Structures are given as structure tokens and as C-alpha cells.
Amino acid sequence: MSSTPLSFIFFFYLLISSSSWLLRFSSGAGFNLTTIAFDDGYNPLFGDFNLVRSPDGRSVRLLLDVSSGSGFISSSMYEHGFFSAKIKLPSDYTAGVVVALYASNGDVFEKNHDELDIEFLGNVEGKPWRFQTNLYGNGSTSRGREERYRLWFDPSKEFHRYSILWTAKNIIFYVDEVPIREVVRSDEMGGDYPTKPMSIYATIWDASSWATNGGKIKVNYDYAPFTADFKELVLEGCPMDPIQEYPDFTTCKEKDAWLETRNFAVLTPKRRSAMRKFRQHYMYYSCCYDVWRYPVKLPDCVIDPIEKARFNETGRLRFSGSHKKQAKIAKARRKKKQRAASKERTEM
């Protein structure tokens, strides 16, 4: 008669408890946001024939098929702001498909662009969507700050809000009303902190080369078209003239001050607790714990001892996957150590 390890039962209990708590937290009153019609803030970016507006003009559907993906871009560039949308992701088999909500100025500053990303990574049927956040400043692509996560719900079943807050002081990524990551600006970050005006984008595209299992599983267009729906769009920030490459930043001081007083800009103790729970239970990769890639810790990394205990030197979870798989890995490591010890004794 087999028995389930008590440690696994305890972990499963913590996971269920955490997801229930996050669900209650994220179904609260919300941020009291002002939403806009699509044409009041956005324009088609590419794949116009795969971008479908709703009859009332307040939501949009992006499609990916064998001919093209699709996307849209904000009509203005913004110097700081809160950028948000409710999104429902494609369902069933979505391997190789990426849906993204992000800010960037790569079209204007080609060699030293800034970027803030939320990217959803598709998966094979029956496996959950995963997603990542990232940021760059002044073209610091060689120092990517990726984190990857799972979700406590199925993002293809219903709409959920995903948001990016960007101020002169910090960056906060949100899922619904749950903050999942904060990056605080510091002198040590230098130019790696995004500072230049950015446009806001939403896209769906074929990322077969890397999105699922490191590119091993490609997009299967037998399941096309893949559709991502966006509604309740929010653009709160200081708009800049896209042609004005070096704007007068003092014009945004009043808007910046207003942003910092908004509900979504304040990380209350309750919100910090929610963020901590999310990161401890749903984050499965962090650049801050990847000592192979970054032997010297990035200056904006805040090391949480509880988080750190869950990760190995590659920045990935120590105990992800099935128990059989972990046992197999542990056995292989033991054999490797035994062979090394035996070789050392032989050479003595």
C-alpha cells in the first residue's frame, strides 16, 4: 500500500490555501479605473485583418493564424503611467503562442530602448499558461530581469486584469488587484531603469523558437485561429509627442504626482502580503536567484530567504515537476557524486 508523503500533502494544502486567499483578495472592489474606447487611445499595429473591434468599440480581439499575428499600439507615447487591460487568452492547444501587453520605445530609440513586459507563454493542451515579466533600460538586454510564474486560475476561461504601473520611483506588475512584482529604482541600477517615454502595445504572435519548452514545441496551426480578447482598456499617464525624441520631462510632474496618489500606486501591508504569497507559491524562475547567469547579484534584487530556499543556482525551482522526476534527478546526482568520489580515491 503506497502512501503520499506528508511534505507533499502540506505543500498541496499551502497551495490551495494560497490560491483561495488570492482569489478572495483579487475579487475586491478594484482600482476604480477609467476605461477608454479602443480608438480613443490605440491604433492597429500589424495584421489589421486579424484585429476585430467590438460593435461598441470598447473591446478588441486579436487573432493569430497561419498568415499573420496581430497587434495594436497606443496613439501616444507616455512618460510614466498605469497601463492595463482585461484579457482572455486562447484556450486548448496554444504551444508556441505568445500574447503580450508591454511598453517599449524600440521604434524611436533603436540602440538604447526601454521596455516593460508582461508576456503569456502558451502550452500544449491540458498544460496551464505560464507568463513572465521583464524590464530593460537603455538597451540593457544583456541584463534581462525575467521572472516566470504560474497562475491560480485558468486565464483562458474568463477575463482577468493585467496591469503595469511605471513611475519615477518604482514599477509594479499586477494580476487583477494582486501585486506580483515590484522593482524599486535605485542609484545602483543606473541606466537600467526605464526612463524614456514609451508606447503601449498588445500583440499575439508566433514565438515557436522559444516560448514553449525552449522552442521544442512549435505552434500547431491545426488549432488556429488563436484568439486573445482585450477589454476595459486603461491608459493613465503623461502623453508625449512621439516625434519629440527628447521631450521636456518637467511637463509631467503634475501627472506623476497624481499617479502616486492613486489606489494602485500604494502597496498596503495587505497588498504586500498578497505579493509575498503569490511569489512564494507561483513564481518558478527568477533572475535574482540565477547565479549561473548572474554570479554578481543585480542591484535591484531583494533576496527573500523563503523564496531563495525554493530555488537552485539556475534560478529555477528546486522541487518542480513530479516526485518520480525529482527522485530520478536526485538519483542521477548521487551517482555523479559517487563517480567523482571514486575517481578521486583512485587518483590518490
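The values are calculated or read from the model by the stated rules, or taken from the named source; none is laboratory data. Every value quoted in this text rests on a predicted model; they were computed, and no experiment measured them. Cβ: placed from backbone, ideal geometry, glycine included. Neighbour counts: every protein chain shown. Remember, those area values only see protein heavy atoms, side chains included, never the ligands or the DNA or RNA. Shrake-Rupley method; radii C 1.70, N 1.55, O 1.52, S 1.80 Å.
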Looking at (1) touching a residue at least 60 places away in the same chain (Cβ under 8 Å); (2) touching a strand residue (DSSP E or B) at 6+ places or on another chain (Cβ under 7 Å); (3) under 26 Å from residue 154 (Cβ atoms), which is the only condition residue 117 fails? (1)
Spot the failing condition for residue 57; the list is (1) open to solvent by less than 10 Å² (accessible area, probe 1.4 Å); (2) more than 30 Å from residue 302 (Cβ to Cβ), and only one is missed. (1)
Give me the pairs: first residue in the range 43-62 and assigned to a strand (DSSP E or B), second residue open to solvent by 40 Å² or more (accessible area, probe 1.4 Å) and among the small types (Gly, Ala, Ser), beta-carbon distance under 7 Å, and six or more apart or on different chains, which are they? 43/75
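Given the criteria outside any loop (DSSP other than H, G, I, E, B) and touching a residue at least 60 places away in the same chain (Cβ under 8 Å), does residue 100 qualify?
It is true that residue 100 is outside any loop (DSSP other than H, G, I, E, B) and touching a residue at least 60 places away in the same chain (Cβ under 8 Å).
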State which residue is farthest from residue 142 (Cα to Cα) when the search covers only the range 286-308 and only residues that are within 18 Å of the chain's Cα centre (by Cα) and open to solvent by less than 20 Å² (accessible area, probe 1.4 Å). 307
Condition check for residue 279: within 17 Å of the chain's Cα centre (by Cα) and either closer than 30 Å to residue 125 by Cα or at pLDDT 95 or above (or both): yes
Can you tell me which residues in the range 218-240 are open to solvent by 40 Å² or more (accessible area, probe 1.4 Å) and in a loop (DSSP other than H, G, I, E, B)? 218, 220, 225
Look at the range 80-97 and say how many of its residues are part of a strand (DSSP E or B) and open to solvent by less than 10 Å² (accessible area, probe 1.4 Å). 7
The number of residues in the range 133-156 that are assigned to a strand (DSSP E or B) and open to solvent by 10 Å² or more (accessible area, probe 1.4 Å) is 2
Keeping to the range 157-195, report how many residues are within 26 Å of residue 91 (Cα to Cα) and open to solvent by 40 Å² or more (accessible area, probe 1.4 Å). 3
